[in-house]
Amino acid sequence: MNLYIRYFDKETLVKTVDEAIDFLASINEIDMNPLLEADIREYAQSDVFYPKRYKVHPRVYFIIIKTDAETMQDFKDKKAVHPTEANAHAAKQTPALVRLQEVNEGWYEGIVDFKRVLMVPGTGKFEYRDTQFVARVKAFSGMECYERIIDYLRDRVDSRSQFPSPKGKNFKFRFLGKTK
């Protein structure tokens, strides 16, 4: 496992932690101390593959990235990107927009989390409250399920209420079954 290190326009790809520490020690702005050296060694030996950044001054950092790249050009071309479990899982999932548009006539259960405007009884002022609304509707797709729920809510809540996008995390749906 190699380490890519960058501090502004100074960058390198090293094969050992000692080379990384030597490179960082050669930069005047970076105060290489035993704590920083120990933390870099711990990061290099850990199973963590996400980039790590270290603070040099307020709003000034250097980064270290673990990579399988053998040369700087391989690293720049992203030929040795280490796949994370989250990225692999996301690639297997169907994009939300595709799932929303799939035509499958039947019953859907839709869950919408939205900001509802309600009056506070003691003060007479209005406030936004997080509200969850669950409904079962007959529809042709997840998108039509969303549209039917939002149409229903628009007629029954304050017009200042805020509804989420169907593509976001605040709308979920599942297909319950075919209609008879």
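The values are calculated or read from the model by the stated rules, or taken from the named source; none is laboratory data. The shown structure was predicted, so the numbers you read here are calculated from the model rather than taken from an experiment. When we count neighbours, we look across all protein chains shown, and the Cβ atoms used for this are built from the backbone with ideal geometry, even at glycine. Protein only, heavy atoms only, side chains kept; ligands, DNA and RNA dropped before computing areas. Shrake-Rupley method; radii C 1.70, N 1.55, O 1.52, S 1.80 Å.
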- Using a Förster distance of 22 angstrom, determine the FRET efficiency expected from the C-beta separation of ARG41 and ASP74, and round it to 0.05. 0.35
- Message: Accessible area of segment 15-76 with a 1.4 Å probe: how many percent of it is carbon plus sulfur?
- Response: 51
- Separation of the GLN162 and TYR128 label points, Cα + 7 Å toward Cβ, nm: 0.2
- Report the FRET efficiency, 1/(1 + (r/R0)^6), for GLN101 and ARG154, where r is their Cβ-Cβ distance and R0 is 22 Å, rounded to 0.05. 0.50
- Message: Given contacts defined as C-alpha pairs under 8 Å and at least six residues apart, what's the relative contact order of the chain, whole-number percent?
- Response: 19
- Query: If you add up the charges near ASP155, with Lys and Arg at +1 and Asp and Glu at -1, over every other residue whose beta carbon is less than 15 angstrom from its beta carbon, what do you get?
  - Reply: +2
- Task: Please list, or write none, the aspartates and glutamates whose alpha carbon is within less than 16 Å of the alpha carbon of LYS178, excluding same-chain residues fewer than 8 places away.
- Result: GLU102, GLU105, GLU109, GLU144
- Message: For a Förster distance of 45 Å, can you work out the FRET efficiency between the beta-carbons of ALA25 and LYS172, rounded to the nearest 0.05?
- Response: 0.30
- Item | Chain lengthening between TYR50 and MET119 when straightened (0.36 nm per residue, less Cα-Cα) | 20.2 nm
- Query: Where the only charges are on Cβ atoms (+1 Lys, Arg; -1 Asp, Glu), what is the dipole of the chain about its Cα centre, to the nearest 20 debye?
  - Reply: 1320
- Task: Rounding to the nearest 20 debye, state how big the charge dipole of segment 96-180 is about its Cα centre with +1 on each Lys and Arg Cβ and -1 on each Asp and Glu Cβ.
- Result: 140
- Taking Cα atoms, how many degrees apart are the long axis of helix 34-45 and the longest axis of the chain, rounded to 10 and kept between 0 and 90? 60
- Task: Return the subset of LYS78/LYS172; LYS115/LYS138; LYS138/LYS169 for which the Cα-Cα distance in this structure is over 27 Å, preserving the input order.
- Result: LYS78/LYS172
- Task: Using only Cα atoms, find the angle between the long axis of helix 142-154 and the longest principal axis of the chain, and express it within 0 to 90 degrees, rounded to the nearest 10.
- Result: 60
- With the dipole of the chain defined by +1 on each Lys or Arg Cβ and -1 on each Asp or Glu Cβ, the option from GLY142, ALA44, LEU97 whose Cα lies farthest towards the positive pole is GLY142
- Query: The list (1) 66, 45, 31; (2) 43, 40, 30; (3) 69, 49, 25 gives values of Cα extents along the principal axes in Å, and only one came from this structure; which label was calculated from it?
  - Reply: (3)
- Note on the structure: So, over other residues within a Cβ distance under 13 Å of TYR43, counting Lys, Arg +1 and Asp, Glu -1, the net charge is 0
- Item | Average accessible surface area per residue within segment 132-175, 1.4 Å rolling probe, Å² | 65
- Note on the structure: accessible surface per residue for segment 10-55, probe 1.4 Å, DNA/RNA/ligands not counted, whole Å² -> 67
- Over segment 116-180, relative contact order from alpha-carbon pairs under 8 Å, at least 6 apart, %: 32
- For segment 49-62, just list the computed ³J(HN,Hα) in residue order, Karplus coefficients 6.51, -1.76 and 1.60, θ = phi - 60°, integers in Hz, with x standing in for Gly and Pro. 10, 6, x, 10, 10, 10, 7, 9, 9, x, 6, 10, 9, 10
